[in-house]
1. Using alpha carbon centroids, what distance separates the range A:342-413 and the range B:222-247, in Å?
2. Antiparallel DSSP bridges in chain A: what percent, to the nearest 5?
3. For a quick check of your reading of the filter: which GluC sites (Glu not before Pro) in the range A:295-370 sit in a DSSP loop and have no more than 12 other Cβ atoms within 10 Å?
4. Put +1 on the Cβ of each Lys and Arg and -1 on the Cβ of each Asp and Glu in chain B; which of B:PHE22, B:ALA324, B:TYR440 then has its Cα farthest toward the positive end of the dipole?
5. Students often forget the sequence filter, so: which lysines lie under 24 Å Cα-Cα from A:LYS26 once same-chain residues fewer than 8 apart are removed?
6. Tell me, how many Å apart are the Cα centres for the range A:73-118 and for the range B:31-109?
7. Please compute the modelled spin-label separation between B:ASP110 and B:LEU208, points set 7 Å along Cα→Cβ, answer in nm with one decimal.
8. Determine the shielding of peptide B:273-286 by partner chains: average, over its residues, the number of Cβ atoms on other chains within 10 angstrom of each Cβ.
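Read the figures in this text as sums done on the coordinates, not as results from a lab. Values in this document were obtained by computation on a predicted structure and should not be read as measured data. Because the Cβ atoms are built from the backbone with ideal geometry, glycine has one as well, and the counts that use them run over all protein chains shown.
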Amino acid sequence: MSPNNIKQRSLHQLSITELNAGLRNKDFSSVELTQHFIERIERLDTRFNSFISTCSEQALAAANYADQQLANGNAGILCGIPIAHKDLFCTNGIRTSCGSKMLDNFVPPYDATIVENCSNAGAVVLGKTNMDEFAMGSSNENSFYGPSVNPWGENCVPGGSSGGSAAAVAAQLVPAATASDTGGSIRQPASFCGVTGLKPTYGRVSRWGMVAYASSLDQAGPITKNAEDAATMLNVLASFDKKDSTSIDEPKPDYTATLDQPLNGLRIGIPKEYFSDGIDPEVAKLTQEAISFYETLGASIKEVSLPHTQLAVPAYYVIAPAECSANLSRFDGVRYGYRCENPTDLEDLYKRSRAEGFGEEVKRRILVGAYALSAGYYDAYYRKAQQVRRLIKQDFDTVFKDVDLIASPTAPTPAFGLGEKTKDPVSMYLEDIYTLPVNLAGLPAISIPCGLTQQNKPVGLQLIGNYFSEALLLNSAHKFQQATDFHQQTAPNID
Amino acid sequence: MEWETVIGLEVHVQLATATKIFSGASTAFGAEPNTQACAIDLAMPGTLPVANEQAFRYAIMFGLAIDADIGKRSYFERKNYFYPDLPKGYQTTQLDQPIVGAGHIDIELDDGSTKRIRIHHAHLEEDAGKSLHEDFQGMSGIDLNRAGTPLIEIVSEPDMTNSDEAVAFAKKLHSIVTSLGICDGEMSQGSMRFDVNISVRPKGQVELGTRTETKNLNSFKFMEEAIALEVERQIDEIEDGREIIQQTRLYDADTKTARSMRSKEDANDYRYFPCPDLLPVIFDDAYIMQIKDNLPELPEARCARFISQYALSDYDAKQLAENAAIANYFEACTEQCGDAKLSANWVMGELAASLNTHELSIQNSPVSAGQLASVISRIKDKTISNKIAKQVFDALWNKEGEDADSIIEAKGLKQVSDTGALGTMIDEVIAANQKQVENYRNADADKRPKMLGFFVGQIMKLSKGQANPQLVNQLLQEKLNG
């Protein structure tokens, strides 16, 4: 993109790469950029509700500092670039609510590692994005702060749990946002909102300071306008962290360095189980077309089988609730967070603080998890689910002997209507059928826009890679985006 | 009917690591409440545990010392229950694959025989904080300084049949962990805490009776009392036709009574599952061998060495070797003064008595091993008598000087061996006690030594204890006999 082209477009339309060029070229300052986005958030976010908190004052101070760094030539990778953090990443001095009444009053005295990484790279934090409470949900409707809505259709959900991050990027209220993915919470909202979402390999990005939902599945990643920006963001987010025992000390390549490599000889597998019952016909058609397009880019396509796919949802809904039932025990009204009024004794304090502080879906999952772990049921549920998890991992290991990537729809449907699935948790859980197996196996995957339905709803293509193949995923996504313009289509009425 | 008691112990041993098992906060005892609890110990949202390698090392040392299988693959689980002093709402502990497997400890019984007590396993876990139930106007205070302190929980088989055996086992365990240096052994600070499982059955019956667990005993004496009380209670219950109810009991050492804390029906379902924040830890043989090769000397080996190296009596050697801190003190003192026998006498005599009176452990002794060695050296070179040495020791205890020499100098306690000075004193005593002199001189030779004691005493009194007793004896005899 030439500087002239940058000047013709509004700041909010530019990618991180373009913003970086503009900042270094002194086309605009970080303060101007930051003010631009603050103005947009103030004006537009009453419609989208994508932010739970904003921190304009700190943002302008950070932008001012970034401008000095840019002038001094000390600029980091994200120097002066406005971003937003999902509201489950702890931010020192800025409320971190996790979308819950339980943490409505919680201001952490420390930064999550990824928040620190972004700050060290010079990023300017505009605020904290909306989410399903404690990252539990696929529609953002489980937020204590009300649902974020989809910029592509304001009666539609943005997906979840990182709905706020996806909606904010889609509405061009921020160029990029952090997000987290336990069963699809980066990729499904990215798909619903027509943006790019990357879930890295489990262990690639530190979990320190990310409020835990299901520790063995949670992984942070970026939501961006395109794959190139996702590569830039991953360069910042990924780090080995001694404070997270599950962080993996794997060499970190420059993810932007290999974006343009040709895809000749790339072998893509299509799991037959992913195009079965329950998939929306338009979603199937658009994703199949996108996959076919890869052939024109030099890839070969073959059908593969992931035979235990149908077991992923039930296994996930044992393992994730089991882990969450323990992870959320710390929210007990004793040390921080919500405490009920006038507790009569300890038991009353516990019961009412948790009953009043948690929302319905969180309570449902805590109950399911506690049940699955209880004496007499552990073997039938938890142990069995772990066995299924190993089988699912083996399915992928087998397939990755023959192919380099797996391609599929990100979600079986485009964005659905607000309130459409809230009465039926199981149909909501099935939203994550193509994304959950990836978390159970710990693999990396990316969702990129691959077209719009007749009702003008975005559809996402999911690419799944082998462990630590983020560079290949980003390269494959970038080459697709170089040859198509799906990712450049923007939601209506956002100016 | 004759009854038989069956006892098994679960022992919580605080490991002497500098920092906590999953955080970098200090484990030092006695700080202001909540000043040694970091974000991880407080279970702040988003914080994560990182295992302390030293805790594993210490647990492996214990395992090697009791000849146990070391769990080469070991992982942590979450034990879920709500309590205010348990910040995460679960305790991180081990269940399925503990670090230390089956082992054994041999105890010595009063009749001199030894008995083998089997250890079922020992596992690593984190300690909880403390609830403080006073001074908070109807509320409880929480101190999380202790939260996250590493523990090993040692679980014995029910191999003990009376409180003597249980106490001998507990003491042996104390001796092992302190000798290894993995625990400071400070019972009053909660460094070792005992849960006692007790059941009774008619003598000869194979089947075990219903057991109760008396929790959190932190002294050998309390343990002995609590066992006696519970055994008596159980026998009374059965003899009165009632059944023993499985329950957890608390012993109150002040009132010497115990009460039921909860019965089996109220017991928590702890919903254990592997902790996803901590990966399994795998040890290779080289790691374990390296620890084995560097294992400190254990009490039994040390006792044997004391007998051969220092020619101590069996009794003295055992007394000294049992407690590593005492054994270290004794050896340091011996090395500096060169007299093992005198060192042993002083460590077990004057020093032990003084420590006991002031309720101090040897680690906190006001008199260091080097200082005691300086006292013993002056006894050996006859600068001071044994009696004066006790004065010098007391002065050192009260921090009146740096070492024996400075105190002897400052207080003028040097033994008088000047024959001229002693002669003057003897003349004085003889002149003042003419009648006794006459009696002495008229007495038979075999009665004289005893009578001499009177004169020696007078001279010691006159010299304020500083006269060289041997010289006094010699000079007196010369003058009186002459």
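1. 45
2. Just about 70 percent of them are antiparallel.
3. A:GLU341
4. Checked the options; the winner is B:TYR440.
5. Hits, sequence-local ones excluded: A:LYS7, A:LYS225.
6. With the range A:73-118 and the range B:31-109 each reduced to a Cα centre, they are spaced 32 Å.
7. About 2.6 nm, to one decimal.
8. For peptide B:273-286, the averaged partner shielding equals 4.
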